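Note sheet for the following structure.
The values are calculated or read from the model by the stated rules, or taken from the named source; none is laboratory data. From a predicted model like this one, the values you see are computed outputs, not experimental measurements. As a convention, Cβ positions derive from the backbone with ideal geometry for all residues, glycine included, and neighbour counts pool all protein chains shown.
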Amino acid sequence: MTAWDDLLGTALVGTGRRPFDLAASGIPGAGRVTADSPEAAVLTAAALAAGHRRAGWTPPVWRGTPRQPAAPDDRPECTPAAAQLLELLLTKAIRLEVGTELLTGDWLAAARDTGRRPPYRLLPELLRFGTTTASARPLVRDVLGPRGAWLAGQNPAWSWAATVPPADVAERFATGTRAERVALLTDLRATAPGRARELIEETWADEPAATRAAFLDTLRTGLSGDDEPLLERALDDRAATVRAAATALLDHLPGSARARRMAERAQQLHQGRGAFDLPGEPDDAARRDGVTDHREPGLGRGASRLIQILAAAPLSAWDPDWIPEAGHDVLLGWTKAALRQRDQEWLTALARHQATPELIAALTPATAAEILGGSRKLDARFGALLAAAPGPWPAEFSTGIVGRLRTGKAEAVLRLAARAMAEHLHPAALAAVENWLLALGTEHKPTARTLRGIAHALTIRATIRQEFT
């Protein structure tokens, strides 16, 4: 029986039935301590024995292949103040009504643009942030550097940030789950779009429909005319989901053969300027190109088919000057086409005719500011448009919009657009926001809370610019 076994036996039956001599117990170090009672002697011996057992434990021998260390990172580290600010944002020690994700993105963008890196100690927090905030992953990847990418490779939850060696791409694609393969293709499309397309084509015939559709969707990243042959092939796919995915992507290629076919159909219906006849029942060729029986809300089948045709045809066939004469269905088709083709001339003309949040969001910041600056209304519709306006907003527009909302007592519009204002307002508008806040009475607590959040965001954004200048 070992000294440990003897000690356990005494502890189980009690010192009244089994006397315990600490000095003679055989426990290492027991002769150098004393105890006031038999019970204390047992507990003291247990403490000594437990420490000895743990200290004497021999860990198992790891027999894996040692990982290569991360490559060196030559970028200079950000300033201590910038590092502290990033830590506060990542740990949400700074609380903002508009959220901290946007400001974290600003920090990452500033670091990327100036070639600075975050401190190594914050790499795990950055990876956790990117894991929970998918929209921020491109920015996180941009600043991680080789050490962050190496660290991401040690945790499956961070695989989105790990760098896959070119030699391993084919094997990863062949053995991964659908989600892992889609993620791999999406990443590859950003750097080697042709290679990603080749991987899709190699296994296309053997993939189930859901996987084929998911693979096609990855082509949105870096979509170009080089992808057209695969998309044309997918128009003949037996699965409706795959055909729909192909037509959705071809809608963004106004120079494709399908776009020319749609333009020919539209020209046959064109009656001059903004007038079009409604198409009849689509033939097999039209159905292959994506003309379906889907009906737009409140419209008949003919008008819905016209919208589908116009939305897929190149806008170069028409003139923006015809917009005021066009009917609702024609305008809807042209709007869809402008949003898909990102044609700034058409987007601007359509937004001037009748602005929508989708159109405003697709404009350049200067054009959106010009259109919104000319609006005299401060209603909920204007609030939705302002919330959609892309940034950064020009200085004059920024200060002007704060003044208009204040004098117009448009607190409802302020709340609708608060997040956009916190993200896009020019720094020159900070004084106007603070003056409005100071002038508020105690009965305007919700408005004051919103303004404080905007002012706080502008102040933090100014600090970010200062630390990376």
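If I filter segment 425-469 down to residues being among the small types (G, A, S) and in contact with a Leu (Cβ under 8 Å, 6 or more places away or on another chain), which single residue comes out as farthest from P392 (Cα to Cα)? Of everything passing the filter in segment 425-469, A448 is farthest from P392 (Cα to Cα).
Cβ-Cβ distances below 8 Å connect the following pairs, each with a first residue in segment 361-386 that is closer than 16 Å to G403 by Cβ, a second residue that is polar (S, T, N, Q) and in a loop (DSSP other than H, G, I, E, B), and a separation of six or more residues or different chains: F382/S375.
Of all residue pairs spaced 6 or more apart or on separate chains, those with beta-carbon atoms under 9 Å, a first member in segment 302-331 that is in contact (Cβ under 8 Å) with a residue 24 or more places away in the chain and over 19 Å from P279 (Cβ atoms) and a second member that is assigned to a helix (DSSP H, G or I) and among the basic types (K, R) are I323/R352.
For every residue, the table says whether it meets (1) assigned by TED's automatic domain parsing to the domain that holds D227; (2) farther than 23 Å from D74 by Cβ.
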residue	(1), (2)
F129	no, yes
S135	no, yes
D142	no, no
P146	no, no
E180	yes, yes
L185	yes, yes
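Quick check on my filter: what residues within segment 341-366 are in contact with a helix residue (DSSP H, G or I) (Cβ under 8 Å, 6 or more places away or on another chain) and surrounded by fewer than 19 Cβ atoms within 10 Å (Cβ to Cβ)?
Here is the first cut: in segment 341-366, the ones in contact with a helix residue (DSSP H, G or I) (Cβ under 8 Å, 6 or more places away or on another chain) are 341-365.
If the condition is that a residue be in contact with a helix residue (DSSP H, G or I) (Cβ under 8 Å, 6 or more places away or on another chain) and surrounded by fewer than 19 Cβ atoms within 10 Å (Cβ to Cβ), then R342, Q344, E345, R352, H353, Q354, T356, P357, E358, A361, T364, P365 are the ones that fit.
Considering (1) surrounded by fewer than 16 Cβ atoms within 10 Å (Cβ to Cβ); (2) part of a loop (DSSP other than H, G, I, E, B), the lone condition that L43 does not fulfil carries the number (2). Is there a residue being closer than 23 Å to P166 by Cβ and touching a helix residue (DSSP H, G or I) at 6+ places or on another chain (Cβ under 7 Å) anywhere in segment 227-242? Yes; the residues of segment 227-242 include at least one that is closer than 23 Å to P166 by Cβ and touching a helix residue (DSSP H, G or I) at 6+ places or on another chain (Cβ under 7 Å). Consider L416 carefully, then state whether it is buried (at least 23 other Cβ atoms within 10 Å of the Cβ), part of a helix (DSSP H, G or I) and either at pLDDT below 95 or not hydroxyl-bearing (S, T, Y) (or both). So L416 fails the test.
Between A248, A275, A244, the distinction of being within 21 Å of I323 (Cβ to Cβ) and surrounded by 13 or more Cβ atoms within 10 Å (Cβ to Cβ) belongs to A275 only. Considering only segment 213-223, I want to know if a residue exists there that is within 14 Å of R189 (Cα to Cα), outside any helix (DSSP H, G or I), of a type in the set (A, V, I, L, M, F, W, C) and at pLDDT 95 or above. Yes: segment 213-223 contains one or more residues that are within 14 Å of R189 (Cα to Cα), outside any helix (DSSP H, G or I), of a type in the set (A, V, I, L, M, F, W, C) and at pLDDT 95 or above. Within segment 352-384, the set of residues being of a type in the set (A, V, I, L, M), farther than 21 Å from G333 by Cα and assigned to a helix (DSSP H, G or I) comprises A366, A368, A369, I371, L372, A380, A384. In a residue-by-residue description of segment 317-338, the property of being at pLDDT 95 or above, small (G, A, S), closer than 26 Å to G391 by Cα and assigned by TED's automatic domain parsing to the domain that holds R261 applies to at least one position. Is it true that T100 is surrounded by 16 or more Cβ atoms within 10 Å (Cβ to Cβ), out of contact with any Asp or Glu (no Cβ under 7 Å at 6 or more places or on another chain) and closer than 17 Å to F468 by Cα? Judged against the criteria, T100 is not a match. Here D237 clears all of (1) more than 21 Å from the chain's Cα centre (by Cα); (2) assigned to a helix (DSSP H, G or I); (3) in contact (Cβ under 8 Å) with a residue 24 or more places away in the chain except the condition numbered (2).
For segment 249-308, taking the residues that are under 14 Å from W334 (Cα atoms) and in a loop (DSSP other than H, G, I, E, B), the one that is nearest to the chain's Cα centre (by Cα) is identified as H252. The criterion of being assigned to a helix (DSSP H, G or I) and either surrounded by 14 or more Cβ atoms within 10 Å (Cβ to Cβ) or not hydrophobic (A, V, I, L, M, F, W, C) (or both) holds for A196.
Pick out the one residue from P69, P80 that is under 29 Å from P156 (Cβ atoms), more than 20 Å from the chain's Cα centre (by Cα) and exposed (fewer than 15 other Cβ atoms within 10 Å of the Cβ). The match here is P69. Flag not set for A190, criterion: at pLDDT 95 or above and either assigned by TED's automatic domain parsing to the domain that holds L332 or of a type in the set (G, A, S) (or both). State whether one or more residues within segment 446-453 are buried (at least 21 other Cβ atoms within 10 Å of the Cβ) and touching a residue at least 60 places away in the same chain (Cβ under 8 Å). Within segment 446-453 (the criterion being buried (at least 21 other Cβ atoms within 10 Å of the Cβ) and touching a residue at least 60 places away in the same chain (Cβ under 8 Å)), the answer is yes, since at least one residue qualifies. Evaluate the following for D379: is it over 26 Å from A257 (Cβ atoms), surrounded by fewer than 20 Cβ atoms within 10 Å (Cβ to Cβ) and acidic (D, E)? It is true that D379 is over 26 Å from A257 (Cβ atoms), surrounded by fewer than 20 Cβ atoms within 10 Å (Cβ to Cβ) and acidic (D, E).
Check whether at least one residue in segment 287-309 is at pLDDT 95 or above and in contact with a Phe, Trp or Tyr (Cβ under 8 Å, 6 or more places away or on another chain), and report yes or no. Yes, there is a match, as at least one residue in segment 287-309 is at pLDDT 95 or above and in contact with a Phe, Trp or Tyr (Cβ under 8 Å, 6 or more places away or on another chain).
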